[in-house]
Amino acid sequence: MELINIGHPFETDALVNLENVKIISDSIKFQEDTQFSLSVENVIVLKYKMSLHDKIYGLGEQMRGINKRGGLYESFATDDPSHVPDRVSLYGAHNFFILDSETLPVGIFIDFPGKVTFDMGFTHKDELEVTIQGKDAKILWIKGQTKLEIVQKFLKCIGPSFLPPKWAFGFQQSRWSYPNAESVKYIADEFDRHNIPLDTIYLDIDYMERYKNFTVDEERFPNFKAFVKEMRSRGIRLIPIIDAGCKIEEDYFLHETGVKNGFYCVDENKEPFVGAVWPGKVHFPDFINPEARTWFGDQYNVLIDQGIEGFWNDMNEPAIFYSEKGLEEAIDHAVSCKGKNLDIQSFFALKDKFMSVSNSMKDYQSFYHRKDGQMYNHMDLHNLYGYNMTRAAGEAFERNYPAKRMLLFSRASYVGMHRYGGIWTGDNHAWWEHLLLNVRMMPSLNMVGFIYSGADVGGFGAHADSELITRWTQFAIFTPLFRNHACMGTRDQEPFRFDEESTDTLRNTIQLRYALHRYLYSEFMKHRNNYDMLFKPLSFVYDDEASAQVEDQLLYGDGLMLAPVYTPNAKGRYVYLPEDMLMWQLKKYDDYQMEIFEKGHHYISVPLEATTTFIGKNKLVVLNKPTNRIENIDTSRLFLKGFIEDQGVYVLYDDDGISREPKSKNMVITVSYEGKELIINCEGDQLCQTLAYDIYTSDQKRHKGEYHV
Ligand code: GLC
């Protein structure tokens, strides 16, 4: 691994472990080693001539496929809910990609906090061109024998993910908004009445008093502390939202202390910059300034003191609805149009004036951050804003609650933020295309450290139908963050809102998540601790060309392959098996079908009531009995499934799920087969008492029984 420093790069703190990295300042060597040409003028440009078979993986939260070749992408954290196919940037800035060339793959990370453009063969089909909008950047390049080895090296450089508490692996229900205590209670009651598992309910912006961060509206949530406690006693945690913009209001503590201490971003006259978001006019905390981070991070205590144990940070690209100047200009323009006969140009100019009022580059250019006595224009550090908001919270949690894990995730992010919190993928839509996008994005998010992540299940915008929700839920039982969330004004989409049949299927599917809990938690923790990807494209493990073509199946953990259904009315789908595998199709955790399929392409029937997965050769999976809260899971009995040719080993990991530095326990389950009898053996920590097994061997025999640990 080698790191080239160009000019005087701003320290983003993305790279925290450079143990095996050689620092160089020689761009000639970079060019020779990577075959990229590098030019540094007002901008830095990296170019590479691709051959026919070259593929590109990575870029984290971006549109398009798993192979990113052919697309144009931009790293510029953007609040835009319209995730259409040609959208070039979403909320995250994840400048890491792997060029999988015919010779050896190479990984490149552009550590630069401003805008970066990745033209991956869009303008010229064989030219890869990366343009960095500045003269100072770090470029890390990583060689390895395989793509996976490169990712693992990169993940070591950026450090391990934050640790979510175990309960954060339960089902989470959200909506913009459950505006008062009654509506939250109603949701909890309905989940319980329908016997659907649930661990958290989200509080969107309406819980606040006039959208003021760290306040609670007392009319809608009288005695909030007692309410949090009451919900907690039912096993449900409430997760409030925190927004980046802080309301300007006299006597509001956040406003007063922030202004007094100079903790807000400033305009060119060093006055706090004014933008507008939900509450109207706001200031934006200067998260780049470490003192401002400490101050803001400590504010979360207001809610933590009332029993809150998790948060989601939002609007932190930052989203700016308008600035005074921008809005005034648009209004003046509109007034000047009044009474006129507007033709095509003048009408569109008027329309564009208003369309471009939000998140305008002019506004981003007009405010500044301050660090160590220096001023930085926001444009130059734009992509670090959401990262440092979440860092503010994450650092504060560690400082103030060193023993305990908190749930935290953010909308905007940059590489390195995963050490403080996860991400959700923002305002997607209830579109089948966005279910597929969710599938394709999971591995690229894992490539940049975001292992605790997920999309709004069922879609945020647009009205969802029961089939879409069902199929999406079937995939999302595998995503660590498993949250159904929807936009204001959309149809209710909680799992019990449709017909009885759909409720039954959704109950069974969510129960399946709880039945897989110990396995999913074990896989999450092992992959996190080993700097590995939890979701992998097939080509990261299998090197045949057919695997490299697969864009709608993923390898999950160490043993499963997922082949989700992402089209309406599907009765079946084509699946590619990179080796012989055992299909495991589950209607319920204890109602499933298993069948061995040979390596190759198959058409598989996929009933709407069933989640379809595949178990790899010599791989094992464990299940527990589902409950309706994670904390109630009975650990005494496990169900062992597997597909064994000769020997399979599964290491079941567990810990207390709440300590920051947990004492890990491992039980090693070995299943051996020599053509006659199946031999099961367990060693290490005793993580259950009984293993009820149902295992297929590759000679088509099924073995059932019980093993006492
Ligand atoms: C943003 C968030 C969304 C949230 C809404 C209201 O659009 O992305 O999740 O519901 O704001 O807070």
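Return the pair list, or none, for Cβ contacts closer than 8 Å from residues in segment 410-438 that are in contact (Cβ under 8 Å) with a residue 24 or more places away in the chain and of a type in the set (A, V, I, L, M) to residues that are assigned to a strand (DSSP E or B) and within 12 Å of the ligand (Cβ to nearest atom), at least 6 apart or on different chains.
Filtered contacts from segment 410-438: M417/S410; M417/I423; I423/F409; I423/S410; A430/G461.
So for segment 409-424 (the condition being within 29 Å of G297 (Cβ to Cβ), open to solvent by 10 Å² or more (accessible area, probe 1.4 Å) and within 14 Å of the ligand (Cβ to nearest atom)), does at least one residue qualify?
No; the residues of segment 409-424 include none that is within 29 Å of G297 (Cβ to Cβ), open to solvent by 10 Å² or more (accessible area, probe 1.4 Å) and within 14 Å of the ligand (Cβ to nearest atom).
Which of the residues belonging to segment 149-164 are open to solvent by less than 40 Å² (accessible area, probe 1.4 Å) and either of a type in the set (A, V, I, L, M, F, W, C) or touching a strand residue (DSSP E or B) at 6+ places or on another chain (Cβ under 6 Å) (or both)?
Hits for segment 149-164 are I150, V151, F154, L155, C157, I158, F162, L163, P164.
Restricting segment 425-444 to residues that are in contact with a Phe, Trp or Tyr (Cβ under 6 Å, 6 or more places away or on another chain) and within 15 Å of the ligand (Cβ to nearest atom), which is farthest from E309 (Cα to Cα)?
Checked segment 425-444; the qualifying residue farthest from E309 (Cα to Cα) is N428.
What residue, of D332, D305, D352, D298, is more than 16 Å from the ligand (Cβ to nearest atom), assigned by TED's automatic domain parsing to the domain that holds V228, among the charged types (D, E, K, R) and open to solvent by 80 Å² or more (accessible area, probe 1.4 Å)?
Only one candidate qualifies: D305.
Against the definition (surrounded by fewer than 20 Cβ atoms within 10 Å (Cβ to Cβ), in a strand (DSSP E or B), more than 16 Å from the ligand (Cβ to nearest atom) and not assigned by TED's automatic domain parsing to the domain that holds R232), how does T123 come out, yes or no?
No; evaluated as a whole, the condition is false for this residue.
Can you report the number of residues in segment 446-498 which are among the acidic types (D, E), open to solvent by 10 Å² or more (accessible area, probe 1.4 Å) and either under 11 Å from the mean Cα position of the chain (by Cα) or under 13 Å from W176 (Cβ atoms) (or both)?
Result for segment 446-498: 1.
I need the full set of residues from segment 316-329 which are open to solvent by 10 Å² or more (accessible area, probe 1.4 Å) and within 15 Å of the ligand (Cβ to nearest atom), in order please.
F321, the sole residue that qualifies.
For segment 38-106, which fully contained strands (runs of 3 or more DSSP E) count at least 1 residues that are more than 19 Å from the chain's Cα centre (by Cα), under 21 Å from A137 (Cβ atoms) and not aliphatic (A, V, I, L, M)?
Counting at least 1 such residues, we get 44-49.
Evaluate the following for G454: is it touching a residue at least 60 places away in the same chain (Cβ under 8 Å) and either farther than 17 Å from F169 by Cα or of a type outside the set (A, V, I, L, M) (or both)?
No.
What tally of residues in segment 217-256 results from selecting those that are open to solvent by 50 Å² or more (accessible area, probe 1.4 Å) and farther than 26 Å from S183 by Cβ?
Final tally of qualifying residues: 5.
The values are calculated or read from the model by the stated rules, or taken from the named source; none is laboratory data. Owing to the predicted nature of the structure, the values given are computational and were not obtained by experimental measurement. So basically every Cβ, Gly included, is an ideal-geometry build from the backbone, and we count neighbours across all protein chains shown. Heads up: the accessible areas ignore ligands, DNA and RNA and are worked out on the full protein's heavy atoms, side chains in. Shrake-Rupley method; radii C 1.70, N 1.55, O 1.52, S 1.80 Å.
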